[in-house]
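The values are calculated or read from the model by the stated rules, or taken from the named source; none is laboratory data. Given the structure is predicted, the values throughout are model-derived calculations rather than measurements. Neighbour counts run over all protein chains shown; Cβ positions are idealised from the backbone, glycine included. Each accessible area value is taken on the protein alone, full model and side chains, heavy atoms only, with ligands, DNA and RNA left out. Shrake-Rupley method; radii C 1.70, N 1.55, O 1.52, S 1.80 Å.
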Amino acid sequence: MKNRWILKEKGKKEDIKRLVEELNIPEVLACLLVNRNIKTYEEARVFFRPLLKHLHDPFLMKDMQKSVDRIETAISKKERILIFGDYDVDGTSAVALMYSFLKHFDLYLEYYIPDRYIEGYGISNQSVEYAKENNFSLIIALDCGIKCHSQIDMANQYGIDVIVCDHHLPDSTLPNAYSILNPKRNDCSYPYKELSGCGVGFKLIQAIAICRNIPFDELKQYLDLVVVSIASDIVSITGENRILAYYGLKLINSNPRQGIEYILSFSNIFRKEQKYYNPNQSIFNKEITINDLVFLVGPRINAAGRMNTGRNSVHLLISDKPEKITQLGELIDAHNSERRELDLKTTNQAIEQINNNSIFENRRSLVVYNADWSKGVIGIVASRLVEQFYKPTVVLTLFDGVITGSARSVKGFDLYNALSQCNHLLEHFGGHTFAAGLSLKPENLDSFITTFEEIVASLIMKESTSPVVEIDQEIDFKDINERFYTILKQFAPFGPGNMMPLFMTKNVLDSGKARIVGQKHLKMSVFQSDKRSFPIDAIAFGFGNCYDKIVQRTPFHICYHVELNSWQGKKTIQLCVKDIKFDIEN
């Protein structure tokens, strides 16, 4: 499926001109800043030089003082505290953070991660019963709880207080928890709304530290957990998240906790001759980025909860015993390999189901069902199907007599709204614009498929039926040099709200070095013949099928990221090509 290229509009000329003059930077980079709503020297300074002192006062968050006072009471009375978290990366990293911080006090602590299959998402009835049976008087719920009304009511009946630390959108009515920390509460005036669940947990320990006169420097050790949660939960890397991510990455690159280090040891970015931290040498052969956390760390931490139990992820993240880290790390990597095989098998079966049924050809949506698919991978499979077919997609399986599923959307289509219109056919559903979970009775399956398709067909706009590539700037190769890259690198960390800049250059040619590498990738050296530019190395992953046309000296257009390639000790600027077109209109 061909992508539509959309070139973003430039900001106001006067804003761009001001930044060019005040910062002494190229116009292309000034445009990037203005498109990020950075228009003054001071705003640029804060953006390029994130400082921990710019973090907000945690007591600006509604219920923060109440939460801290309750925990202080628990500490003074030596109460038993149960730390509860979701089974995904955000939840397990949040539990690891809270447990690691509170264990320094004279407390009885345990952590509880629900079983994905038996208990499902959020505070479960089983976990509340466990708290009662084991005499816990306080539950701190992380990355969940904002919609767990009945479970929190049950805890209240048992005399157990619940502090909720969540970042998901609340219902119109909040649960009856002892306190609720969630910047998305309508009555919360906290200045930054996009914290991860682990980020909300960090604000809580920051507040406790302030009350106890604990220096902030002692909290920096937890920022690696926060950045892993920010990267893996795909939250916006702007404002406070940008600061937390910036310093979390610095920690991972200089002195990561052993659990994260071991997870990264399964990739080729780890110095294999060096097993554990050496203060005289970086343990990695490249700088760890948000992308590395998304693709190398997050899936492995997630795999524990998908294939076995998320408790293993927490244990790995809090452990400082090399033998235990090795044992858990190997187990989690094995779970990840198992998850990948299951993911691939399920994806292939779903694609086969779609290709073998002509009814899908003219549908605006995809709903696929197989009673034998694993509940743990259907979300991943839904994302894969959207990548291939670019339609709002629901993947369903049967679990414990109920059909359960995951849904994923395309750009510009509100999936949550569509599912809300199917609510009469569903047992439960929840999520947001682009991703959701749902369950329904088997007898409602056919009606749901029909109704969902009718709703999608009536609401989806034409521009949402094909994938879009948003390009930041059209530039010439002469704009790309060492200084350009040095400044561009300072835009990192990249992610939602601050994506890695994507550039476009038209009418380029290969210098004669084009070759296929790794069977399907294209390695080139490209130049602009009409601009008399010097050739620049380029790699286009998955574009080996363009080789024949390119070697025939056919001009083509590329959109790409500008990166630094390291090979045998030599570092050179390289274009990472994301798309190729031979006709810009298509």
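Which of the residues spanning segment 387-426 are modelled with pLDDT under 90 and more than 21 Å from the chain's Cα centre (by Cα)?
F399, D400
Out of all the residues in segment 559-580, which are without any contact (Cβ under 8 Å) to a residue 40 or more places away in the chain and of a type in the set (S, T, N, Q)? Don't jump to the end; show me each part of the working.
So in segment 559-580, the residues without any contact (Cβ under 8 Å) to a residue 40 or more places away in the chain come out as 563, 565, 567-572, 574, 576.
N565, Q568, T572, Q574 - these are the residues of segment 559-580 that are without any contact (Cβ under 8 Å) to a residue 40 or more places away in the chain and of a type in the set (S, T, N, Q).
When both residues are 6+ apart or on different chains and their Cβ atoms are under 7 Å apart, which pairs have a first residue that lies in segment 14-31 and is at negative phi, and a second that is open to solvent by 80 Å² or more (accessible area, probe 1.4 Å) and in a helix (DSSP H, G or I)?
Taking only residues 6 or more apart or on different chains, the pairs are I16/E27; V20/E27; E22/Y41; L23/Y41.
Kindly list the number of the only condition in (1) under 30 Å from V34 (Cβ atoms); (2) open to solvent by less than 40 Å² (accessible area, probe 1.4 Å) that fails for L426.
Result: L426 passes all but (1).
Quick one: which helices (runs of 4 or more DSSP H) lie wholly within segment 9-103 and hold at least 2 residues that are open to solvent by 70 Å² or more (accessible area, probe 1.4 Å) and farther than 25 Å from D217 by Cβ?
Values: elements: 13-23, 27-35, 41-48, 64-76, 89-102.
It comes to 13-23, 41-48, 64-76.
With the condition kept exactly as written, say whether any residue in segment 46-66 is modelled with pLDDT of 95 or more and of a type in the set (V, I, T).
No: zero hits.
So Y416 fits all but one of (1) part of a loop (DSSP other than H, G, I, E, B); (2) closer than 24 Å to D166 by Cα; (3) of a type in the set (F, W, Y); what number is the exception?
Every listed condition holds for Y416 apart from (1).
When the residues of segment 374-401 are narrowed to those that are within 16 Å of H432 (Cα to Cα) and of a type outside the set (A, V, I, L, M, F, W, C), which ends up surrounded by the fewest Cβ atoms within 10 Å (Cβ to Cβ)?
Ranking the candidates gives S383 first.
Any residue at all in segment 152-159 that is open to solvent by 10 Å² or more (accessible area, probe 1.4 Å), at pLDDT below 95 and part of a loop (DSSP other than H, G, I, E, B)?
Looking through segment 152-159, none of the residues is open to solvent by 10 Å² or more (accessible area, probe 1.4 Å), at pLDDT below 95 and part of a loop (DSSP other than H, G, I, E, B).
For segment 446-469, give me each residue that is buried (at least 17 other Cβ atoms within 10 Å of the Cβ) and either part of a helix (DSSP H, G or I) or among the small types (G, A, S) (or both).
Hits for segment 446-469 are F448, I449, F452, E453, I455, V456, S464.
Would you be able to say whether some residue in segment 402-410 is open to solvent by 30 Å² or more (accessible area, probe 1.4 Å) and under 27 Å from P170 (Cβ atoms)?
Taking every residue of segment 402-410 in turn, at least one turns out to be open to solvent by 30 Å² or more (accessible area, probe 1.4 Å) and under 27 Å from P170 (Cβ atoms).
Among the residues of segment 115-134, how many are without any contact (Cβ under 8 Å) to a residue 40 or more places away in the chain and open to solvent by less than 30 Å² (accessible area, probe 1.4 Å)?
Residues flagged as without any contact (Cβ under 8 Å) to a residue 40 or more places away in the chain and open to solvent by less than 30 Å² (accessible area, probe 1.4 Å) within segment 115-134 amount to 5.
If you take just the strands (runs of 3 or more DSSP E) that sit entirely in segment 489-557, which of them hold at least 2 residues that are within 30 Å of I38 (Cβ to Cβ) and either open to solvent by less than 20 Å² (accessible area, probe 1.4 Å) or in contact (Cβ under 8 Å) with a residue 24 or more places away in the chain (or both)? Walk me through it before giving the result.
Numbers: elements: 503-510, 515-517, 521-527, 536-540.
Passing ranges, in order: 503-510, 536-540.
If you go through segment 199-220 one residue at a time, do you hit one that is in a helix (DSSP H, G or I), over 16 Å from M64 (Cβ atoms) and open to solvent by less than 20 Å² (accessible area, probe 1.4 Å)?
So far as segment 199-220 goes, no, none of its residues is in a helix (DSSP H, G or I), over 16 Å from M64 (Cβ atoms) and open to solvent by less than 20 Å² (accessible area, probe 1.4 Å).
Please find, among I455, I460, I471, the residue that is in contact with a Lys or Arg (Cβ under 8 Å, 6 or more places away or on another chain) and farther than 28 Å from T554 by Cβ. Steps first, please.
Details: I455 fails: in contact with a Lys or Arg (Cβ under 8 Å, 6 or more places away or on another chain); I471 fails: farther than 28 Å from T554 by Cβ.
Within the list I455, I460, I471, the selection yields I460.
With respect to D171, is the statement that it is among the acidic types (D, E), under 26 Å from the mean Cα position of the chain (by Cα) and open to solvent by 30 Å² or more (accessible area, probe 1.4 Å) true?
On the way: among the acidic types (D, E): yes; under 26 Å from the mean Cα position of the chain (by Cα): yes; open to solvent by 30 Å² or more (accessible area, probe 1.4 Å): yes.
For D171, the condition - among the acidic types (D, E), under 26 Å from the mean Cα position of the chain (by Cα) and open to solvent by 30 Å² or more (accessible area, probe 1.4 Å) - is met.
What pairs come up if the first residue lies in segment 354-383 and is within 21 Å of E453 (Cα to Cα), the second is in a loop (DSSP other than H, G, I, E, B) and open to solvent by 10 Å² or more (accessible area, probe 1.4 Å), and their beta carbons are under 8 Å apart, counting only those six or more places apart or on different chains?
Cβ pairs passing all conditions: R363/K391; R364/K391; R364/I460; R364/T465; S365/K391; L366/K391; V381/W373.
Looking at V456, V410, V468 in this structure, which one is among the aliphatic types (A, V, I, L, M) and touching a strand residue (DSSP E or B) at 6+ places or on another chain (Cβ under 6 Å)?
Only one candidate passes the filter, namely V468.
Exactly one of these conditions fails for D472: (1) over 30 Å from T289 (Cα atoms); (2) crowded, with 19+ Cβ neighbours inside 10 Å; (3) in contact with a Leu (Cβ under 7 Å, 6 or more places away or on another chain). Give me its number.
Result: D472 fails condition (1) only.
Tell me the helices (runs of 4 or more DSSP H) entirely within segment 223-299 that contain at least 2 residues that are at pLDDT 95 or above. Quick ask: steps written out before the conclusion?
Working: elements: 223-232, 239-254, 258-264.
The qualifying helices (runs of 4 or more DSSP H) are 223-232, 239-254.
Which condition number in (1) of a type outside the set (F, W, Y); (2) part of a helix (DSSP H, G or I); (3) surrounded by fewer than 20 Cβ atoms within 10 Å (Cβ to Cβ) is the one that R306 fails?
The failed condition is (3).
Tell me, which residue of segment 558-569 that is modelled with pLDDT of 90 or more and either surrounded by fewer than 19 Cβ atoms within 10 Å (Cβ to Cβ) or not hydrophobic (A, V, I, L, M, F, W, C) (or both) is farthest from E470 (Cα to Cα)? Write out each step before concluding.
At the first step, the residues of segment 558-569 found to be modelled with pLDDT of 90 or more are 558-563.
Now drop any that are not either surrounded by fewer than 19 Cβ atoms within 10 Å (Cβ to Cβ) or not hydrophobic (A, V, I, L, M, F, W, C) (or both), which leaves 560-561, 563.
Details: Y560: 11, H561: 12, E563: 18 Å.
Among them, the one singled out is E563.
Within segment 327-353, count every residue that is open to solvent by 50 Å² or more (accessible area, probe 1.4 Å) and farther than 27 Å from I449 by Cβ.
Residues in segment 327-353 being open to solvent by 50 Å² or more (accessible area, probe 1.4 Å) and farther than 27 Å from I449 by Cβ: 7 in total.
How about segment 135-178: which of its residues are in contact (Cβ under 8 Å) with a residue 40 or more places away in the chain and of a type in the set (S, T, Y)?
Matches in segment 135-178: S137, Y178.
So that you can scan it fast, the table gives a plain yes or no per residue for (1) touching a residue at least 40 places away in the same chain (Cβ under 8 Å); (2) out of contact with any Lys or Arg (no Cβ under 9 Å at 6 or more places or on another chain):
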| position | (1), (2) |
| --- | --- |
| L51 | yes, yes |
| H56 | yes, no |
| K77 | no, yes |
| I81 | yes, yes |
| Y108 | no, no |
